[in-house]
Amino acid sequence: MTAEDFPVFASSIAVFGTSKDQPGQLGQPITVRGVQVSTGNLVVADTAGIVILPRAEAAAIIQRADQRAHHEERVITGLRAGHTTVQLYGLLPPDDNAQEKRSASPES
């Protein structure tokens, strides 16, 4: 299945055999590892894991995820430019000498 790029995800294997004794049900919620999955949920999966977003919350969750990804890109760009996380997150006081004072202290 991997060679065919066919995505299949499973937490275990349970082969009970095929049967046509019961018609089954469509459109009913199921529970996977304690998480309810309903028709209309957004399911995103890869080899690192699976996330299930309720339909009513999916747009807001995706918007927050995009904002976080954009923020992380800015931080990584800043780090590659030679800035420290202290600088990028504005953790230094406005006093330019504060960093020098901390660096000179015996506790550093």
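A count restricted to segment 1-44 and to residues that are touching a helix residue (DSSP H, G or I) at 6+ places or on another chain (Cβ under 6 Å) and of a type in the set (Phe, Trp, Tyr) stands at 0. Among the residues of segment 8-44, the ones that are at pLDDT below 80 and either touching a His at 6+ places or on another chain (Cβ under 8 Å) or surrounded by 10 or more Cβ atoms within 10 Å (Cβ to Cβ) (or both) come to 1 in all.
Consider segment 58-108 and keep the residues that are surrounded by 11 or more Cβ atoms within 10 Å (Cβ to Cβ) and polar (S, T, N, Q). The one that is modelled with the highest pLDDT is 77. Filtered by the rule that a residue be exposed (fewer than 12 other Cβ atoms within 10 Å of the Cβ) and aliphatic (A, V, I, L, M), segment 45-57 gives 48, 56.
The values are calculated or read from the model by the stated rules, or taken from the named source; none is laboratory data. Being a predicted model, the structure only gives us computed values, none of them experimental. Every residue, glycine among them, receives a Cβ derived from its backbone with ideal geometry; neighbour counts consider all protein chains shown.
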